[in-house]
Amino acid sequence: MPGMGGVEATRHIAAIAPLTRVVVLTISDEDADVMDAILAGACGYLLKDSSIDELMAGIRAAWRGESLISPGIAAKVLQRVRATSASPEIADTIRSELSDREIEVLKLIANGKDNAVIAADLHISPKTVKNHISNILMKLQIDNRIQAAVYAVRSGIV
């Protein structure tokens, strides 16, 4: 991109228009690039070789307030996060801030489940899942479900 990189653009967009959902479409599957984009505020990260169906799914997920990462990248990111040491302090914070049900939802998010699957697994409505996710994000003061998943994995909750 001329002028600024995607991570810088994402950070800038998040700062001036925090309700805007950014889906990164890139050729880079490097762990650092993915993590930088997520931490900058991206709600999705898709590779340029994604199918049109995957691209549309990412855009729809963003529109619904959800997140989507290309499956191969998601596996790499979770593997990288798991490789970093778990933090008992973060796990204690999560357990003290979240209800048992919210922790269940957070674990399912971190395992890559979408709202429909979470609802089916927990025998609750998709609307209830969305409410739980909103509460999780608010309580943990994070911006999106990808960051929530990373937070949960780093803490050792998952």
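Rule-based calculations on the coordinates, nothing more; no lab input. What you see is a predicted model; the values in this text were computed from it and never measured. As a convention, Cβ positions derive from the backbone with ideal geometry for all residues, glycine included, and neighbour counts pool all protein chains shown.
In the neighborhood of Ile136, defined by Cβ-to-Cβ distances under 14 Å, what is the net charge if each Lys or Arg adds +1 and each Asp or Glu adds -1?
Numbers: positive: Arg95, Arg101, Lys107, Lys113, Lys130, Lys139, Arg145; negative: Glu66, Glu97, Asp100, Glu102, Glu104, Asp143.
Net charge around Ile136: +1.
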(message) To check my understanding: the extent here is largest minus smallest coordinate of the Cα atoms along each principal axis. What are those three numbers for the range 6-73, in Å, largest first?
(response) 31, 26, 13
(request) Lys and Arg at +1, Asp and Glu at -1: add these up for the other residues within a Cβ distance under 9 Å of Val7 and post the number. (result) -2
(request) Once you have the Cα-Cα distance between Ala15 and Lys139, take 0.36 nm times their residue separation minus that, and quote the gain in nm to one decimal. (result) 42.6 nm
(request) For Leu122 and Ala75, compute 0.36 nm times the residue count separating them, minus their Cα-Cα distance, and round to one decimal in nm. (result) 14.6 nm
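Could you give the C-alpha radius of gyration of the range 84-155 expressed as a fraction of 2.2 N^0.38 Å, taking N as the number of residues it contains? Display every interim value, and only then the final one.
Details: Rg = 11.4 Å, N = 72, 2.2 N^0.38 = 11.2 Å.
Ratio of Rg to 2.2 N^0.38 Å for the range 84-155: 1.02.
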(message) 7 Å from Cα along Cα→Cβ at both Asp49 and Arg64: what's the point-to-point distance in nm?
(response) 2.7
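Using only C-alpha positions, report the orientation-averaged shadow area of the convex hull of the range 117-158, nm², one decimal. Before the final figure, lay out each step's value.
Working: hull surface 12.2 nm².
Hull-based average projected area comes out at 3.0 nm².
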(request) Let me know the Kirkwood hydrodynamic radius for the chain, please, with Cα pairs as the basis and the value in Å to one decimal. (result) 15.9
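Taking the Cβ of Ala61 as the center, what net charge do the other residues with Cβ under 14 Å away carry, scoring Lys and Arg +1 and Asp and Glu -1?
Result for the neighbourhood of Ala61: +2.
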